[in-house]
Amino acid sequence: MRVSLTWLKELVDVTLPVDKLCERLDMTGTKVEAVHTLGAALDGVVVGQVITKEQHPDADRLSYCSVDVGADEPLNIVCGATNFEAGDKVPVAQVGTTLPGGVTIKRAKLRGLVSEGMMCSPTEIGVGGEGSGLLILDPDAPVGEPFAEYYGIADTVLELEVTPNRPDCLSMVGVAREVAAITGATFTVPASAPAEEGAPAADLVSVEIEDGALCPRYTARVIRGVKVGPSPAWLAERVAAAGARPVNNVVDVTNYILFELGQPLHAFDLATLAKRDGVAAVTVRAAREDETIRTLDGQERRLASDTLLITDDDGPVALAGVMGGEETEVSEATTDILLESACFDTASISRTSRRLGLISESSLRYERGVDPDLASRASDRAAALIAEVAGGTVAPGLVDAYPGQRAPLQLRLRTGRVNALLGTDLETPAIATLLRPLGLSAEGSGDELEVVAPGFRPDLEREVDLIEEVARLYGLENITSTLPGGGGRIGGRTSRQRFVSRIGSVLRAAGLDEHVGYSFGDPADLDRLGWELAPDELLVELINPMSEEQAVMRWTLTSSLLRALSHNQRRGIADVHLYEMGTVFITSEGRKQPKERLMAAGVLAGSWVRPGWNEPAPGLDFFDGKGVLASLLEALGVERWSVRAAERSWLQPGRTAEVIVRGDVVGWLGEVSADVLERFDASGPATLFEISVPALLKAASKVTTTFKEIPRHPAAALDLALVVPEDVTSERVVSAIESAGGALLESVRLFDVYRDPEGVEDPERRLPEGTKSLAFSLTYRAADKTLSDADVRPVHDKLVRKVCAVVGGEVRS
Amino acid sequence: MTIGEDLRALEAESLTAVEGATTLDALEEVRIAYLGKKGSLTAILRGLGALSAEERPEVGCISNEVRRALESALDRRREALERIARASRIAAEAVDVTLPGRGRPLGHQHVLHQVVDEIVEVFSGLGYRVAEGPEVELDYYNFTALNHPADHPARALQDTFYVRDLSGDTAVVEGESDVLLRTHTSPGQVHVMESEKPPIYVIVPGKVYRRDVADPSHLPQFTQVEGLVVDEGVTFGDLKGTLEHFVREMFGPDRRVRLRPHFFPFTEPSAEVDVSCGICGGEGCRSCGGEGWLEILGCGMVDPNVFGYVGIDPERYTGFAFGIGAERIAGLKYGVPDLRHFIEGDTRFLHQF
């Protein structure tokens, strides 16, 4: 809402400086979003008087003038306009002024003569009008005065953020009332009654409302014999200051009243309405199937069946509250006017306006709620104004259909309740004093008030709505700050939430940075990844996505991390270690809401660090990913877990594994296949993993940690190198060792894997064809004594024989 | 020369030799030359037996003195040489301490989650629990039970993401579906109030979604932390005190806080909370748009209609609620000029926090 301060001050005697007024508005709930100073653009333009006007010696079309601008010396100005004489007063832009069109006035030589400024036309200084002639001012215009002040266009316009509950503040009067209430100033509601003559309006117009719920009130007035033309300057300026484009005197009056009182009005050309026995029969009704109307903007619109219409006997003439029809529009030729001042259902107007994409000053106000009582007063004032600016006579009487008339709402306001909700200590009379300036009647004594909410405050329906008024007028800044004192509360995160946050901590400790990506997914990623949904699984589709690439909710974190990887790599960042924890979504036929599951995923590419002066930077691969997972599972207390070779279509075969905890697959890891990397514009090797957090949680919940004695006796370490067939996995040998180890074997650690280099001929081979050597360090320890070689050797020898037999290997010599 | 004189001469000679040894090896050679099996002092001592009984005690006495003097000189010299050797070894091992250390990369928590964690910390300290809710919500929880009228503009397809409903239900409100991406964390309020009895002190962090094109000041996905208190005797003063505490914890003790009346469908009275600009201190500058204040969150007293939906008696209980935007807080705290940084995963951004 744009509020001209000049206009506002005609309605309320506010004396606060602008910044203080803005602060008061801010602190009472009407935020001032911006303050515009009009006329500021004309700094440097002053009233001048032409002293002499001579022909330019070298240019037929130019004159050379001496102009008094109130300075010591007159200015010499070369001018191209012809519509003035010596003695005329005109606006003069002095050197250094930048005009609204962006032109900066400079001292310049024109055909040999120096010009020290510019005399201005109306268009050059943005005050309307046409042609290239100078704006000739009244003879009494004071020479030297800033033009904007003299011309009355110096104004301050406040741009107010009006909250949806305050439709009353969408009018100058509403804002004036509010300003009066918050500053203590006095305010007056402008009203005027038209002089009426001739045949009564009821003889010319009839009004019928089909559904009073959709149209609580419809009034019509008739003004005859108007002369449509340009508005007087004051009217055009007011309308422009409020943000509308001046059109003609009739339309400008309707807009003026809309801004002044908040009542949308519509003027029909009475002659264009269909007559029934000489009477224009206006009916307010819902649109019928397939009805159409050509609106003011020239568009033919097909109407949905619940669109509220103004119709005559020939069909729709306006979209109620939203936009008028083209055929019944007021034009230069119009002489008789039907002036509509009505009230429509908020929801109906909002639906129509949104459906048709038509948002107008009218629809904005109807959507928020217009006071039905206002319709008649606004009509009276508008009719009087039209008669004043466009001539014509107002037909006696207002044709008024008012099915929605209601008694004002009586509300009970308990002082105790006010104080209980606000934490204040206000007394009943003080509360009444706060409320009355808002136009509320507040009567009563003791600890209760009877409050009557006026029609222009549809937001005041309940006691709590009044308490809100008390709060903002009393001032939130005056309410004492306290803290809730209630007992019986336990703060903090749940154990599940702590577990989830631990996953993040561990992944960060392992060197991964946290990424937060979009929860949206690209359905084309199914193909990019070769991802196959389970037969009953469906992606979660958005009905109104922002784009095709974000048309569904993500079902995996894989794409999000691959995109982040690509984003970094394309910017020259090679070392990328990211993790993300977020919800993935999957649904199935018959479900309303999808299944939401929290996942943890990571991607590793490049190296942990750039190579340093004292250390190399090995490239990250599968085993770095596995190492991160091992740290994670260890930190979460999940001891019994394993991986097994597996396949995932987006991962490289042979470098892909499933993560298994207690027999359940909880996730996967592997190096991303080259094809997939290419499709995501990323480069490898890149290792990805994704783990289900609920599955981890379930596994971890079964873990109970108990203290184990710290060993007191030294351990004995023995190495074992086994030559085994290629297809024997490390895990199989380790488990054979563990099961053969007996009580003394404390731990097994693989420390070397050896294969003969490719292409080595037989005599040079150190291992038989198709085998590899795995070297383990075995730690033996007894709880009660220091082990001697004699203690360990027989145990170890027995273990070696057993393991060799089980895995089909032999000790490497 | 007498033997005694020979010994004294040998003493002088050996001590000179000891002082002349510049390495431990050379010193050992000196020791061997005098005290070794074939050493010159050893030879003299061996020859004592040949002396007469009168001479023996005196010569024996002198020779012991000489030997002790030599041995102690050798010890001193050895210590000195060892000290020098150690010092030169240490000197040789000295490094340029300004060379970079060997490090493991440090993982960084996303700045939004740092902010959320900080918020959780502050409110945990005030006795708030942390609750969660689904990101794909029902219209009922996101709008209806939060007192949004059926035609509320936020329900429009252009503002809220709707999800295809596969249940076969006919949508009550928005044409095609009653299932949507939550537009705020406020549905968490309704879930908590449905499942628990007051006293309720809870915060609900999470992702929320609105149909905005990603640009420097908008994202279609962002992060909120909802707060809800329902208890007997809770006042607007309590809300104010709580948020003032929060803002000071978050932004520092010297920042001022103001509450401006505002409107939200599910709270009444409602307010927006501003914090004084950290750059100009409230005078007004470019970063606060000349206002001196920065808007950081919305709040209010729980509307009685909301209590009506969840069956809490508004005469007995009162409550307050607030919604904090994590991007807003992080943006203000760290001066992030473009929200899109939060979602791109650029490690040069992530490493800054």
With each label point set 7 Å from Cα along the Cα-Cβ vector, what nm distance links A:Val279 and A:Lys785?
12.4
Cα centre as origin, Lys/Arg/Asp/Glu Cβ charges: the range B:3-93 dipole, Debye
340
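Are there any trypsin sites (Lys or Arg not before Pro) in the range A:379-459 that are in a DSSP loop and have at most 14 other Cβ atoms within 10 Å? List them by number.
Values: sites: A:Arg381, A:Arg406, A:Arg412, A:Arg414, A:Arg417; in loops: A:Arg406.
Within the range A:379-459, the qualifying trypsin sites (Lys or Arg not before Pro) (loop, at most 14 other Cβ atoms within 10 Å) are A:Arg406.
For the cross-link pairs A:Lys702/B:Lys207; A:Lys20/B:Lys333; A:Lys31/B:Lys207; A:Lys595/B:Lys207; A:Lys626/A:Lys708, which exceed 22 Å when the distance is taken from alpha carbon to alpha carbon? Each step should come with its number before you reach the end.
Working: A:Lys702/B:Lys207 30 Å; A:Lys20/B:Lys333 29 Å; A:Lys31/B:Lys207 28 Å; A:Lys595/B:Lys207 16 Å; A:Lys626/A:Lys708 27 Å.
Beyond 22 Å between Cα atoms: A:Lys702/B:Lys207; A:Lys20/B:Lys333; A:Lys31/B:Lys207; A:Lys626/A:Lys708.
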Mind listing which GluC sites (Glu not before Pro) in the range A:513-581 are in a DSSP loop and have 16 or fewer other Cβ atoms within 10 Å?
A:Glu532, A:Glu537
To the nearest 20 Debye, how big is the dipole of the range A:257-299 about its Cα centre, given +1 on the beta carbon of each Lys and Arg and -1 on that of each Asp and Glu?
160
Under a Cβ-Cβ cut-off of 15 Å, what is the net charge of the residues other than A:Arg610 that fall near it, where Lys and Arg count +1 and Asp and Glu count -1?
+1
What does the helix-only formula give at 222 nm for the protein assembly as shown: each DSSP H stretch with n ≥ 4 adding -39500 (n - 2.57), the total divided by the residues, and the result rounded to the nearest 500 deg cm²/dmol?
-9000 deg cm²/dmol
Would you please state which residues of the range A:567-588 a label at A:Arg610 would reach in this model, taking the label point 7 Å out along Cα→Cβ and a backbone N cut-off of under 18 Å?
A:568-577
Here FRET efficiency (C-beta to C-beta, A:Glu443 to A:Phe623, R₀ 60 Å, nearest 0.05) is 0.15
Farthest toward the dipole's positive end in the protein assembly as shown, which of B:Leu41, B:Leu99, A:Pro167, given Cβ charges of +1 (Lys, Arg) and -1 (Asp, Glu) about the Cα centre?
B:Leu41
Using 10 Å bins from zero, what percent of all Cα-Cα pairs in the range A:495-701 falls into each bin?
8, 35, 37, 17, 2, 0, 0
Angle between the Cα long axis of helix B:3-20 and the longest principal axis of chain B, 0 to 90 degrees, nearest 10?
30
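Would you mind telling me the antiparallel percentage of the DSSP bridges in the protein assembly as shown, rounded to 5?
Working: 183 of 194 bridges.
In the protein assembly as shown, approximately 95 percent of DSSP beta bridges are antiparallel ones.
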Inter-chain shielding of A:544-551 (mean C-beta neighbours from other protein chains, 10 Å cut-off)
4
For the range A:40-151, shape from the Cα gyration tensor axes a ≥ b ≥ c, cut at a/c of 1.5 then a/b versus b/c, turns out rounded
Can you tell which of A:Ala280, B:Gly227, A:Leu21 lies farthest toward the positive end of the dipole of the protein assembly as shown, using +1 and -1 charges on the Cβ of basic and acidic side chains (Lys, Arg; Asp, Glu)?
B:Gly227
For chain A, the longest principal axis of the Cα atoms and the Cα long axis of helix A:730-740 enclose an angle in degrees, to the nearest 10, of 50
Quick one: Cα centre-to-centre distance for the range B:10-82 and the range A:491-553, in angstrom?
86
Could you list, by residue number, the cysteines of chain B that have no other cysteine's beta carbon within less than 4.7 Å of their beta carbon?
B:Cys61, B:Cys299
Dipole-positive endmost among A:Leu677, A:Tyr256, B:Ile90 within the protein assembly as shown (Cβ charges, Cα centre):
B:Ile90
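Please compute the net charge surrounding A:Thr98, taking Lys and Arg as +1 and Asp and Glu as -1 over other residues with Cβ under 11 Å from its Cβ. Working shown, then result.
Values: positive: A:Lys106; negative: A:Asp43.
Once all neighbours under 11 Å are counted, the net charge is 0.
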Per-pair calculated FRET efficiency, R0 = 25 Å: B:Thr23 and B:Glu71 via Cβ, rounded to 0.05:
0.85
Highest mean packing first, using Cβ neighbours within 10 angstrom, the peptides A:591-604, A:725-738 sort as A:591-604, A:725-738
PRE reach from B:Thr2 (point 7 Å along Cα→Cβ): which of the range B:56-70 fall under 19 Å by backbone N?
B:56-67
Relative contact order (percent, whole number), the range B:157-272, Cα cutoff 8 Å, 6+ residue spacing:
18
Expressed as an acute angle from 0 to 90° and rounded to the nearest 10, what is the orientation of the C-alpha long axis of helix A:374-390 relative to the principal long axis of chain A?
50
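Within chain A, which is the longest segment that contains none of the chymotrypsin sites (Phe, Trp or Tyr not before Pro) sitting in a DSSP loop with at most 12 other Cβ atoms within 10 Å?
Numbers: sites that count: A:Trp613, A:Phe707.
For chymotrypsin sites (Phe, Trp or Tyr not before Pro) (loop position, at most 12 other Cβ atoms within 10 Å), the longest site-free span of chain A is A:1-612.
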One finds the C-alpha centres of the range A:628-703 and the range A:336-402 to be spaced, in Å, by 67
Label chain A by shape, choosing from rounded, prolate and oblate, from the square roots a ≥ b ≥ c of the eigenvalues of the Cα gyration tensor; if a/c is under 1.5 it is rounded, and otherwise prolate applies when a/b is larger than b/c, oblate when it is not.
prolate
Summing +1 per Lys or Arg and -1 per Asp or Glu among the other residues with Cβ less than 15 Å from A:Thr52's Cβ gives -4
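Please identify the GluC sites (Glu not before Pro) of the range B:158-194 that satisfy two criteria: DSSP loop assignment and at most 16 other Cβ atoms within 10 Å. Which are they? Intermediate results must be reported in sequence, preceding the final value.
Values: sites: B:Glu174, B:Glu176, B:Glu194; in loops: B:Glu174, B:Glu176.
Loop-located and lightly packed - B:Glu176.
Can you give the relative contact order of the range A:35-98 as a percent, counting alpha carbon pairs under 8 Å and 6+ residues apart?
Numbers: 106 pairs, mean separation 25.9, N = 64.
This gives 40 percent for the range A:35-98.
Assuming R0 = 35 Å, can you tell me the calculated FRET efficiency for the pair A:Asp19 and A:Ala71, based on Cβ-Cβ distance, to the nearest 0.05? Spell out each step's value before the answer.
Details: r = 33 Å, r/R0 = 0.93.
Plugging the Cβ-Cβ distance into 1/(1 + (r/R0)^6) gives 0.60.
Please get the size of the charge dipole for the protein assembly as shown, origin at its Cα centre, with Cβ charges of +1 on Lys and Arg and -1 on Asp and Glu, quoted in debye to the nearest 20.
Numbers: 118 positive and 177 negative charges, 903 e Å.
Roughly 4340 debye for the protein assembly as shown.
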Quick one: if you stick a label point 7 Å off each Cα along the C-beta vector at B:Glu13 and A:Asp314, how many nm between them?
14.7
Between A:Phe751 and A:Asp297, what is the spin-label point distance in nm, taking each point 7 Å from the Cα along the Cα→C-beta axis?
8.1
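No lab work stands behind these numbers, since they all come straight from the coordinates. What you see is a predicted model, and the numbers here were worked out from it, not measured in a lab. Note that we place each Cβ from the backbone using ideal geometry, even for glycine, and neighbour counts take in every protein chain shown.
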